[in-house]
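Student: Sending over a structure as structure tokens; questions will come in a sec.
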């Protein structure tokens, strides 16, 4: 597995951990806003990947013809 593929799969979890840690240890409103953005990004990435990799979507792409 290449480094790019590893980061692609691990990035939403890294965003979640960093966002959660910054939300817990932030002393300012700006830090809390950025941690909320990181948490939102991680959930959005995971949701879009789950939708894209769903079995129904994979089946529909298998039988569709390009063009």
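Student: Cα axis of helix 3-25 to longest principal axis of the chain: angle in degrees, 0 to 90, nearest 10?
Tutor: Tilt of helix 3-25: around 30 degrees.
Student: Take every Cα pair under 8 Å in the chain that's 6+ residues apart, average their separations, divide by the length, and report that relative contact order as a whole percent.
Tutor: 29
Student: With a cut-off of 17 Å, note down the residues of the range 16-34 whose backbone N falls inside the zone around a label point 7 Å from the Cα of residue 47 toward its beta carbon.
Tutor: Output list for this probe position: 16.
Student: Here are a few candidate values for semi-axes √(5λ) of the Cα gyration tensor in Å: (i) 21, 14, 11; (ii) 23, 14, 9; (iii) 33, 14, 8. Which one was actually calculated from the structure I just gave you?
Tutor: Only one listed value fits the structure, namely (iii).
Student: Exposure proxy check: 8, 15 ranked by fewest other beta carbons within 10 Å?
Tutor: 8, 15
Rule-based calculations on the coordinates, nothing more; no lab input. Computed from a predicted structure; not experimentally measured. Don't worry about glycine lacking a Cβ; one is built from the backbone with ideal geometry, like all the others, and counts go over all protein chains shown.
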